[in-house]
Amino acid sequence: MTRRHDDRLMNEIRHVEIIPNFIPSAAGSCLISCGKTRVICTASVDEKVPQFLENAGLGWLTAEYNMLPASTGARTSREKVAGAGRTHEIQRLIGRSLRAALDRKKLGQRTITIDCDVIQADGGTRTASITGGYVALVLAIDKLMRQKLIEKSPIVEQVAAISLGKVKGELLLDLDFVEDSSADIDANLVSTPQGNVIEWQTTAERALLPFSELGAMVELGLSGIRQLCEVQNAAIEAHRAAMAHETPRT
């Protein structure tokens, strides 16, 4: 089988590592590394909801996304207006994706904000943000349950995301920057491990995607989602084990 420029197979994801509780002061947090892409994800809890949800009996989840100026090598200027352009689109994607993980009635009248800060970018920053954001969300929910602020976990779905595309006629999984910048077709998949698709984005950059190839492309993406979910689960269980052995304060 043909190897890619970084010696990966066509259907092989980059090395993924998730370090839970990376920012201990946050309700939930992690550092996710997907190859050279690294994102710090934190979850903060506010005991109120936006005005449009007051007295609705539902909680809310929103997201913010930012790239540090040096995350791409050459300095990227900070956006002076919050949520402008590309950033606004990515923030909405992260929020939509992670709201799909929640039963908002069980969350109660509170808001969880997922902050995703890219400290190094090499492709797939939005998908890494969703995958890491899910871990930060679960850790924040765990904390709310330990504090007895909620009785049952509102997490109803596991959510992860991955990029894929067609480069020089080949379907590739988990594109890095080199591949993404030369892709004929660029796509992002947000899904549960069972294959329930939350979001599917496909862009014809230099070529069109034949409908006959759509199924194979989605299946390729789902194979990566399942691997990412295993890494998520390992990080969450590692954190829970550490919390179980933590000495209670007197």
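Here are the numbers for the structure shown:
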| quantity | calculated |
| --- | --- |
| Any pair with Cβ under 7 angstrom, 6 or more apart, that starts in the range 103-116 at a residue that is farther than 11 Å from Trp60 by Cβ and ends at one that is in a loop (DSSP other than H, G, I, E, B) | Asp103/Pro154; Asp103/Val156; Lys105/Gly57; Lys105/Leu58; Lys106/Ile150; Lys106/Lys152; Lys106/Pro154 |
| Condition check for Val156: open to solvent by 30 Å² or more (accessible area, probe 1.4 Å), modelled with pLDDT of 95 or more and touching an Asp or Glu at 6+ places or on another chain (Cβ under 6 Å) | yes |
| When residues of the range 168-188 are limited to those that are in contact (Cβ under 8 Å) with a residue 40 or more places away in the chain and in a strand (DSSP E or B), the one surrounded by the fewest Cβ atoms within 10 Å (Cβ to Cβ) | Glu170 |
| Selection count where residues are part of a strand (DSSP E or B) and in contact (Cβ under 8 Å) with a residue 24 or more places away in the chain, scope the range 189-200 | 5 |
| Set Ala244, Ala234, Ala238: member being without any contact (Cβ under 8 Å) to a residue 40 or more places away in the chain and within 29 Å of Asp142 (Cα to Cα) | Ala244 |
| Residue match in the range 125-146 (condition: under 23 Å from Pro20 (Cα atoms) and acidic (Asp, Glu)) | yes |
| Failed condition for Pro248, given (1) outside any strand (DSSP E or B); (2) at pLDDT 95 or above | (2) |
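Per-residue answers, yes or no, for (1) in contact with a strand residue (DSSP E or B) (Cβ under 8 Å, 6 or more places away or on another chain); (2) under 23 Å from Ile225 (Cβ atoms):
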residue: Gly108; (1), (2): no, no
residue: Cys116; (1), (2): yes, yes
residue: Ser129; (1), (2): yes, yes
residue: Val138; (1), (2): yes, yes
residue: Val156; (1), (2): yes, yes
residue: Ser182; (1), (2): yes, no
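The values are calculated or read from the model by the stated rules, or taken from the named source; none is laboratory data. Please read all numbers here as calculations on a predicted model, not as lab measurements. Using ideal geometry, Cβ is built from the backbone for each residue, glycine included, and neighbour counts are taken over all protein chains shown. In case anyone asks, the SASA skips ligands and DNA or RNA and just uses the protein heavy atoms, side chains included. Shrake-Rupley method; radii C 1.70, N 1.55, O 1.52, S 1.80 Å.
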